[in-house]
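Every read-out reported here was derived from the displayed coordinates using simple, explicitly stated rules and does not represent laboratory data. Note that the structure is a prediction, hence the values are computed from the model and not measured. Neighbour counts run over all protein chains shown; Cβ positions are idealised from the backbone, glycine included.
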Amino acid sequence: MSEALFDRIARLYDYEQKEFVKDIPFYVEYAKKCGGEVLELGCGTGRVLIPIAREGIRVTGLDASEEMLNIAHKKVSADESISNNVTLLRGDMKDFSLGKKFALIYIAFRSFQCLLTKIDQIACLLCIHDHLINDGRCIIDLFAPRHDYLAKDKLALDLGTFYDEENDTIIARRSEVHYDLIKQTLHEDRFYESKDKDGNCHHRVWSYDISYLFRYEAELLFEKSGFRVEDLFGDFDSSSYNYVSGEQIFVLRKS
Ligand SMILES: C[S@@+](CC[C@H](N)C(=O)[O-])C[C@H]1O[C@@H](n2cnc3c(N)ncnc32)[C@H](O)[C@@H]1O
């Protein structure tokens, strides 16, 4: 596999997302409720997968980025209590065959939206369908697109700062977001700016595209791929979905 999108920012990922923990208890509770083996697609550095393994649940993580997986591997090997419960695999969420089935398959933090076309999204859903036990659950978290944001030409956002522990520096982040209304994609240029101890400025840009999906479009895709929607939440406290809820968290069962 060639360089994956997240390889370039993998080193910073856990520092950058340190504060984002609100989804973890949600996935842990579902993993306990499903009562069997769990698969995370796009598991990254193990941010969600490791807390699930700490509950004594067997969990497999699949990700396209070797650099993200290396970090997950380090964290898992450093914790003896979970190393036997975790399997990490490099692979593509739209084309995988693991030869086993799971009670819960989830895609956290909008990673499904890295798939830009309906063909890729359906391919991924069919793979999930093949790997899910009959009464298993699939959870997919998408951001909820808003027409007022889509209508803007470009959004410039100040994303605040985070601490890069390895280099003992503060990194400031800002981003420029542009929606492609024809392809239904969001393009983000994310700027990372810092100053080292000698006063030298460092600047890097990470750019990516993700797709965005409206509620009924997503539901149709799921139905076409053999799922029914058991629940739709607007946030990880299980509150209902609405126009400003920010998230669309779909809980799917095989139909
Ligand atoms: C936003 S990160 C989320 C990581 C992790 N799930 C979390 O919640 O912190 C997206 C992850 O999806 C992975 N990813 C993107 N496209 C993928 C694909 N086609 N197959 C497997 N992993 C993919 C990226 O490498 C990255 O690690």
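With an 8 Å Cα cut-off and a minimum separation of 6 or more residues, compute the relative contact order for the stretch 147-211 in percent.
After rounding, I find 25 percent.
Tally Lys and Arg at +1 and Asp and Glu at -1 over the other residues with C-beta under 11 Å from the C-beta of Glu66: what net charge comes out?
-3
Hey, any idea what Rg/Rh is for the stretch 134-255, computing Rh the Kirkwood way over Cα pairs?
1.10
Order by neighbour count: Asp153, Asp120, fewest other Cβ atoms within 10 Å first, most last.
Starting with the residue having the fewest Cβ neighbours, the order is Asp153, Asp120.
Kirkwood Rh over Cα pairs of the chain into Stokes-Einstein at 4 °C, 1.567 mPa s: D in µm²/s?
For the chosen part, D equals 68 µm²/s.
With n ≥ 4 as the cut-off for DSSP H runs, can you work out [θ] at 222 nm for the chain, using -39500 (n - 2.57) per run divided by the number of residues, rounded to the nearest 500?
-7000 deg cm²/dmol
Among Pro51, Phe162, Gln17, flag the residue with its Cα farthest along the positive direction of the charge dipole of the chain, charges on Cβ as +1 for Lys/Arg and -1 for Asp/Glu.
Value: Pro51.
Just for the chain, what percent of DSSP beta bridges are antiparallel, to the closest 5?
70
Net charge within 15 Å of Asp141 by Cβ-Cβ distance, Lys/Arg positive one each and Asp/Glu negative one each, not counting Asp141 itself?
-4
Do you know the Lys pair count in the stretch 96-255 for C-alpha distances under 22 Å, with sequence separation 8 or more or different chains?
Taking the stretch 96-255 as the scope, the lysine pair count is 10.
Using Stokes-Einstein with the Kirkwood hydrodynamic radius over Cα pairs, what translational diffusion coefficient do you get for the stretch 147-211 at 25 °C and a viscosity of 0.890 mPa s, in µm²/s rounded to a whole number?
D, rounded to a whole number, is 185 µm²/s.
Any idea which of Ala31, Ile107, Val229 is furthest toward the positive side of the dipole for the chain, if Lys and Arg beta-carbons carry +1 and Asp and Glu beta-carbons -1?
Value computed over the given set: Val229.
For Glu176 and Asp237, what does the FRET efficiency come to when R0 = 35 Å and r is the distance between their Cβ atoms, rounded to the nearest 0.05?
Using R0 = 35 Å, I get an efficiency of 0.70.
Taking the beta-carbon count within 10 Å as an exposure proxy, list Glu193, Glu247 from fewest neighbours to most.
Glu193, Glu247
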